[in-house]
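The values are calculated or read from the model by the stated rules, or taken from the named source; none is laboratory data. Because the structure is a prediction, the values reported are computed rather than measured. Because the Cβ atoms are built from the backbone with ideal geometry, glycine has one as well, and the counts that use them run over all protein chains shown. Keep in mind that these areas ignore ligands, DNA and RNA; they rest on the heavy atoms of the full protein, side chains included. Shrake-Rupley method; radii C 1.70, N 1.55, O 1.52, S 1.80 Å.
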Amino acid sequence: MSSKTVQSNVVEAFGREFVQGNVPEINEVRCLGCSHCVVLCKKLGPNVLDLKEGVAVVARPENCIGDGACMMACPTKAIFLMSRPTGKKATPF
Ligand code: SF4
């Protein structure tokens with residue numbers, strides 16, 4: 001594991017500052033397609049998630065403020081991490 005310094009946007013929302021760049025990772029096996037995360041994210045504003053073929057997907061990563069609300073909404077813990085995609089194959093969880 002290596003670390004590096006990166007430049008990030010800070011978004012102010014709900015009286016807090018969020019560092020943009022991290023996005024949710026969704027485990028397709030655990031996702032029930034209930035839309036809780038999709039609806040909540042849309043209601044809160046960022047509108048990052050869509051339901052595609054019965055599974056939640058990160059459709060607009062550029063909108064994500066990394067607040068983690070989707071993770072809290074998921075009944076099956078299918079949304080596990082808020083991380084920054086590197087383009088390398090992610091280790092399944
Ligand atoms: S809340 Fe969880 S189970 Fe429901 S659609 Fe989102 S990721 Fe899937």
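Per residue Cα convex hull volume for region 1-83, in cubic angstrom?
Details: hull volume 8.3 nm³, N = 83.
Spread over its residues, the Cα hull of region 1-83 gives 100 Å³ apiece.
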Taking amide H atoms as placed 1.01 Å from N in the peptide plane, list the residues 5 or more away in sequence, or in a different chain, whose amide H sits under 5 Å from that of S83. V23, E25
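Of all accessible surface on the chain at a 1.4 Å probe, what whole percent is carbon and sulfur? Mind dumping the intermediate values first?
Working: 3570 of 6660 Å².
That share works out to 54 percent.
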Residues with amide H under 5 Å of G33's amide H, sequence separation 5 or more or different chain, H placed in the peptide plane at 1.01 Å from N; which? A56
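How high is the FRET efficiency between S2 and V57 when r is their beta carbon distance and R₀ equals 22 Å, given to the nearest 0.05? Mind dumping the intermediate values first?
Values: r = 29 Å, r/R0 = 1.30.
For S2 and V57, the calculated efficiency is 0.15.
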If the rule is a partner Cβ under 4.7 Å, which cysteines in the chain fail it? C31, C34, C41, C64, C74
Which FRET efficiency value, to the nearest 0.05, is calculated for V39 and R16 with the Förster distance at 22 angstrom and r the Cβ-Cβ distance? 0.55
Summing +1 per Lys or Arg and -1 per Asp or Glu among the other residues with Cβ less than 14 Å from V23's Cβ gives -2
